[in-house]
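Notes to accompany the following structure.
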Amino acid sequence: MRFSFNNGASYAAGASDYAWALWGGNTTTGAINQIDAADTGILCSQTTNGLGSTNPVNSYAARILLMNPFGGRMFPTLQGEHVSLDGGAVQTWAYFSGIYRIAASGVNGIRIMASTGNLTQGVFSVYGIN
């Protein structure tokens, strides 16, 4: 996941723009934790070298909260939780949190993206205060 500060014209993706932590598990290997202090985005799901398997994800659900979206003194912070089920019947679950490390700027766009392939179908619901 990446943030935009210019109404979606571009999304911050520098090599050390974000820091994140993810802790959870799956039905195959049990508990797994992952942390990255400098990354191009915030991890909010399993990876093939951590929580997940190499099978494609068939079902994914998440709840995400963006804290301090207007910037100011604190960095924009994202936290959430997810569950997923892949084609090999491996279920994963995790809690995740991350920050934009560069500046305490106002977020006005969020990009949710797959690490490989495309999101081919689904429902996105966004709730917030305008």
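Values computed for the structure shown
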| quantity | calculated |
| --- | --- |
| Residues being of a type in the set (A, V, I, L, M, F, W, C), touching a residue at least 24 places away in the same chain (Cβ under 8 Å), within 13 Å of G24 (Cβ to Cβ) and surrounded by fewer than 19 Cβ atoms within 10 Å (Cβ to Cβ) - total across segment 73-105 | 1 |
| Cross-chain or 6+ apart pairs with Cβ under 8 Å, segment 108-126 first and within 20 Å of S10 (Cβ to Cβ), then modelled with pLDDT of 70 or more and hydroxyl-bearing (S, T, Y) | N108/S4; G109/S4; G109/Y11; I110/S4; R111/S4; R111/Y11 |
| Checklist (1) closer than 16 Å to A103 by Cα; (2) modelled with pLDDT under 80; (3) surrounded by 18 or more Cβ atoms within 10 Å (Cβ to Cβ) applied to S45, failing item | (1) |
| Hits in segment 1-37 - residues which are modelled with pLDDT of 90 or more, of a type outside the set (A, V, I, L, M, F, W, C), in a strand (DSSP E or B) and over 12 Å from the mean Cα position of the chain (by Cα) | S4, D36 |
| A103 at pLDDT below 85, closer than 24 Å to N6 by Cβ and within 14 Å of the chain's Cα centre (by Cα) | no |
| Any chance Y60 is under 15 Å from the mean Cα position of the chain (by Cα), at pLDDT below 85 and over 12 Å from Y95 (Cα atoms) | yes |
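The values are calculated or read from the model by the stated rules, or taken from the named source; none is laboratory data. Nothing here was measured: the structure is a model prediction, and the numbers come from that model. Cβ coordinates were reconstructed from backbone atoms using ideal geometry, including for glycine residues, and neighbour counts include every protein chain displayed.
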